[in-house]
Amino acid sequence: MVIPAPASAQDRTFLSAVMVRNRLLSQNNSPLIMDIYTQGVHARRTYTLYKMAFRDIDKIGIYASQSESYDLKTWWKTSEGAKSVVTEVVGMLWVKCCFKPGEQGSHQEKWGLVKNQK
């Protein structure tokens, strides 16, 4: 099943998780058990954001692809590996300390802004 997410300049993984959650809940798929396949070092942040979007669902698994650009055991030896790992570390720190998803079903949950805020 393909579930499109609207274009977004930020919080793309979280928005994708919200769209998946909304589709599954609208189809009364229960219990919600899923496995997510994502790109290498992005897996930990993806898992964290899906857990935030699904809130009380505990049955989320994660599978990570292996990069063909660098060896994860020696990621610091290539610019691609260093860029990927550092970007994900910074991203995870931001998620843990600063990301506020908003109430489930709210405008803020999808767009990160309070509607009609001036």
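The values are calculated or read from the model by the stated rules, or taken from the named source; none is laboratory data. Quick caveat, the model's predicted, so the values are computed rather than measured. Here the Cβ positions follow ideal geometry from the backbone for every residue, glycine too, while neighbour counts run over all protein chains shown.
General observations
- Filter result (under 17 Å from residue 95 (Cβ atoms) and surrounded by fewer than 11 Cβ atoms within 10 Å (Cβ to Cβ)) within region 48-65: 55
- Which listed residue is among the aromatic types (Phe, Trp, Tyr) and under 15 Å from the mean Cα position of the chain (by Cα), from 70, 63: 63
- Of the listed requirements (1) at pLDDT 90 or above; (2) part of a helix (DSSP H, G or I), residue 62 misses just one: (2).
- Residue match in region 61-68 (condition: on the phi > 0 side of the Ramachandran plot and touching a residue at least 24 places away in the same chain (Cβ under 8 Å)): no
- For region 73-101, a tally of residues being more than 15 Å from the chain's Cα centre (by Cα), surrounded by 10 or more Cβ atoms within 10 Å (Cβ to Cβ) and under 20 Å from residue 11 (Cα atoms) returns 4.
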